[in-house]
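Enquirer: Here's a structure for you.
Rule-based calculations on the coordinates, nothing more; no lab input. This one's a predicted model, so the numbers in the text were calculated from it and none came from an experiment. Glycine also receives a Cβ, built like all others from the backbone with ideal geometry; neighbour counts cover every protein chain displayed.
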Amino acid sequence: MTRVIVMLVFFICCSTGGEIAMTHGMKQVGEPESFRPRAILRFIGKAMRSGWVWFALPLLAASFYSLLALLSWAPLSVVIPASAFNYVVGTFGAKYLLREQISPKRWMGVAMVCLGVTLVLLT
Amino acid sequence: MSHERRLRFKTLVMVLLMVVCANLGDLMLKRGMLEVGAVEMTASGIWHALLSTMHNGTIWLGILFLIGFTFCYMTAVSWADYSYVMPAGAFGYALQTMLAVVILHEAVSPRRWLGVVLIVVGVLLVGQTHPSTTPKAVTP
């Protein structure tokens, strides 16, 4: 059981950390000037030079493999709600690390999505 | 088109593309792996599976869709909030259920329908908030 709890915490940290680092990196890169091929290539080039994007990629890969490990160790009824809980942890991360303003309406939406994903995936 | 409406429109387009690419990517990987067959968990079995997947066009198509998903996700969060894009992406789970009913004529349990309704209402609630609440560059 301890192994599952440690891996769950590791999974949530990697997943949320990776996505927040990616968002932070992309905010620094800025949006593409247009959707013409040259502008898209320039945008991808800028993203590939961002340290935050390179920091995010191994974290996201680690979250993927830790999810696979969890699925092989613990029942789906434990893993799915825990992975859906990512939406809540991610929103906290967005609020305190990325300084996003989370209105009550957005919190309510996130909570409903979290519950809905759990119900859909557990069926 | 006003700045706010333009922002909502392009975020909506990116989120829809994310959902389509993720679902098609997963579907292609699943189909490709069915073509490859069950992987034997021995060194030679894994090596054989690796070679088979590298020569499988369906798997490459799946990888292409997943790269498309990553590109759309990175583009969306370059202008929109993470807390806006992340829950909106969950619409894919609702879409999967609806496609399973419409195309595959699968029976869906009431519990799953309740989940779909919660996701759709949750995404609609998040969608009513402003897509971007931060300056373009932030320091965590």
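Enquirer: Pop out the ³J(HN,Hα) list for the range B:23-38 in order, Karplus 6.51 cos²θ - 1.76 cosθ + 1.60 with θ = phi - 60°, rounded to Hz; leave Gly and Pro as x.
Expert: With the stated coefficients, the range B:23-38 comes to 5, 5, x, 4, 4, 5, 5, 4, 5, x, 5, 5, 5, 5, x, 4 Hz.
Enquirer: Follow-up question, since we're still on this one. By how many nm would the segment from residue A:73 to residue A:55 grow when fully extended, if each residue of separation counts as 0.36 nm and the alpha-carbon distance is taken off?
Expert: Computed gain between residue A:73 and residue A:55 is 3.7 nm.
Enquirer: If you don't mind, another one. Calculate the dipole size of chain A relative to its Cα centre from +1 charges on Lys and Arg beta carbons and -1 charges on Asp and Glu beta carbons; express the result in debye to the nearest 20.
Expert: The dipole magnitude comes to about 360 debye.
Enquirer: Further question: Starting from 0.36 nm per residue, how many nanometres of slack lie between residue A:42 and residue A:85 once their C-alpha separation is accounted for?
Expert: Fully extending the segment from residue A:42 to residue A:85 adds 11.9 nm.
Enquirer: Now for a different question. Rounded to the nearest 500, what is chain B's calculated 222 nm mean residue ellipticity when only DSSP H runs of at least 4 contribute -39500 (n - 2.57) each, over all residues?
Expert: After summing the helix terms and dividing by residue count, I get -26000 deg cm²/dmol.
Enquirer: From the gyration tensor of the Cα coordinates in the range A:2-122, what semi-axes in whole Å does the equivalent ellipsoid have, largest first, with each one equal to sqrt(5λ)?
Expert: Equivalent-ellipsoid dimensions as semi-axes: 29, 19, 13 Å.
Enquirer: How about the range B:40-140: which trypsin sites (Lys or Arg not before Pro) there lie in a loop by DSSP and see at most 14 other Cβ atoms within 10 Å?
Expert: Taking the range B:40-140 and a limit of 14 other Cβ atoms within 10 Å, the loop trypsin sites (Lys or Arg not before Pro) found are B:136.
Enquirer: Follow-up. Where in chain A are the DSSP H helices whose C-alpha atoms run 20 Å or more along the long axis and whose mean Kyte hydropathy is at least 1.0?
Expert: Helix filter hits for chain A: A:2-29, A:51-73, A:104-122.
Enquirer: Using the C-alpha gyration tensor of the protein assembly as shown, what are the square roots of 5 times its eigenvalues, in whole angstrom, with the largest one first?
Expert: Gyration-tensor ellipsoid for the protein assembly as shown: 29, 23, 20 Å.
Enquirer: If you keep only loop residues by DSSP, which chymotrypsin sites (Phe, Trp or Tyr not before Pro) in the range A:31-89 have at most 16 other Cβ atoms within 10 Å of their Cβ?
Expert: A:35, A:85
Enquirer: Give the calculated FRET efficiency between residue B:64 and residue B:107 to the nearest 0.05, with a Förster radius of 45 Å applied to their Cβ-Cβ distance.
Expert: 0.85
Enquirer: From the residues A:6, A:114, A:50, which one has its Cα farthest along the dipole of the range A:2-122 in the positive direction, the dipole being from +1 and -1 charges on Cβ of Lys/Arg and Asp/Glu about the Cα centre?
Expert: A:50
Enquirer: Who wins for biggest fluctuation among B:100, B:49, B:38 in a Gaussian network model of chain B, springs between alpha carbons below 10 Å?
Expert: B:38
Enquirer: Top mean-square fluctuation among B:41, B:28, B:74, Gaussian network model of chain B, C-alpha springs under 10 Å?
Expert: Of B:41, B:28, B:74, the Gaussian network model singles out B:41 as fluctuating most.
Enquirer: Cα convex hull of chain B: mean projected area in nm², to one decimal?
Expert: Averaging across all directions leaves 12.2 nm² for the Cα convex hull.
Enquirer: Once you average over the residues of A:89-95, how many Cβ atoms of partner chains fall within 10 Å of each Cβ?
Expert: 4
Enquirer: How shielded is B:114-124 by partner chains, expressed as the average number of their Cβ atoms within 10 Å of its Cβ atoms?
Expert: Shielding by partners across B:114-124 averages 6.
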